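Contents: one structure, followed by commentary.
The values are calculated or read from the model by the stated rules, or taken from the named source; none is laboratory data. Just so it is clear, the model here is predicted, and its values are computed rather than measured. Don't worry about glycine lacking a Cβ; one is built from the backbone with ideal geometry, like all the others, and counts go over all protein chains shown.
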Amino acid sequence: MAAPPASDLVIAHLLRDEGFRAPESQDAARAVLEAAGLTRPKKQRIAAEKLERARDAIGLAIARSCGSPECEAALADDGRTVVRVEKPACVVCSGSNNRRGVRRMVQACRAAGVDRVLVVGGRPPLWAELEREAPTLTFRFVDGTSNLPNQNDAFQHCAWADLLVIWAPSPLPHKVSGLYRPEMCAVAHRVTVHRRGVEALALTVVQHFEPS
């Protein structure tokens, strides 16, 4: 019997690399490949040239979930079969607590009619992550260490915003946060975050809109 071409891929390894490690998840993904005519029952290898078609077929048929309640809820109306996979392969959070938290924040803001978010405090890398993970929200950021605003700037910021977030543990001098005191800054929604990190900010906003 001739050896398989060196370029052929072991199907089990392909599925493992796509996040399907548990036997039941591999069975679900393999069934998709068989239904698409990309392999046959009991066949162990697949031609490398079919790799992209295999990935496309799986992506169209299966929504990969890490199994967290938040990710399961996000996929409830997806229309695809939800299959449990390794966290890095989850289509909702990619194994990231920050991403999962921000998605919950986006849902809570959408339900509350919030589109414009003013964040006072924080640092540019965290701002960039918020904008990347929540592209449907519009952000403005106030740096507490440079380009310090004056009271007129603060008035304009507050008139623009639907939600004001004071990121207290970040570099944020009182002379800056003081410009956004409740009596000076009238906004529909206001939250103060007392912990560092994007996840902490996101979940504080969620708790504001969805108090337990």
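How many of the residues making up region 144-168 are in contact with a strand residue (DSSP E or B) (Cβ under 9 Å, 6 or more places away or on another chain) and either surrounded by 15 or more Cβ atoms within 10 Å (Cβ to Cβ) or polar (S, T, N, Q) (or both)? Adding up the residues that qualify gives 12. Of all positions in region 27-37, none carries a residue that is in contact with a helix residue (DSSP H, G or I) (Cβ under 9 Å, 6 or more places away or on another chain), basic (Lys, Arg), more than 30 Å from residue 210 (Cα to Cα) and assigned to a loop (DSSP other than H, G, I, E, B).
Scan region 165-176 and tell me whether some residue there is polar (S, T, N, Q), over 21 Å from the mean Cα position of the chain (by Cα) and within 23 Å of residue 146 (Cβ to Cβ).
Looking only at region 165-176, we keep the residues that are polar (S, T, N, Q), and these are 170.
Filter once more, keeping what is over 21 Å from the mean Cα position of the chain (by Cα): 170.
Going one step further and asking which of them are within 23 Å of residue 146 (Cβ to Cβ), we end up with 170.
Checked against the condition, which is being polar (S, T, N, Q), over 21 Å from the mean Cα position of the chain (by Cα) and within 23 Å of residue 146 (Cβ to Cβ), region 165-176 yields at least one hit.
Remark: residue 163 falls outside the filter, which requires a residue to be modelled with pLDDT of 90 or more, touching a Gly at 6+ places or on another chain (Cβ under 6 Å) and on the phi < 0 side of the Ramachandran plot. Of the residues screened, residue 82 is one that is surrounded by fewer than 20 Cβ atoms within 10 Å (Cβ to Cβ), free of Cβ contacts under 8 Å to residues at least 24 places away in the same chain and of a type in the set (A, V, I, L, M, F, W, C). Put simply, of 46, 11, 58 the only residue that is crowded, with 16+ Cβ neighbours inside 10 Å, farther than 30 Å from residue 138 by Cβ and in contact with a Leu (Cβ under 6 Å, 6 or more places away or on another chain) is 46.
Condition check: assigned to a helix (DSSP H, G or I) and among the aliphatic types (A, V, I, L, M). Does residue 63 satisfy that?
No.
Consider region 109-125 and keep the residues that are surrounded by fewer than 19 Cβ atoms within 10 Å (Cβ to Cβ) and out of contact with any His (no Cβ under 8 Å at 6 or more places or on another chain). The one that is farthest from residue 162 (Cα to Cα) is 125.
Of all the residues in region 170-206, those that are surrounded by 14 or more Cβ atoms within 10 Å (Cβ to Cβ) and either more than 19 Å from residue 152 (Cβ to Cβ) or hydroxyl-bearing (Ser, Thr, Tyr) (or both) number 20.
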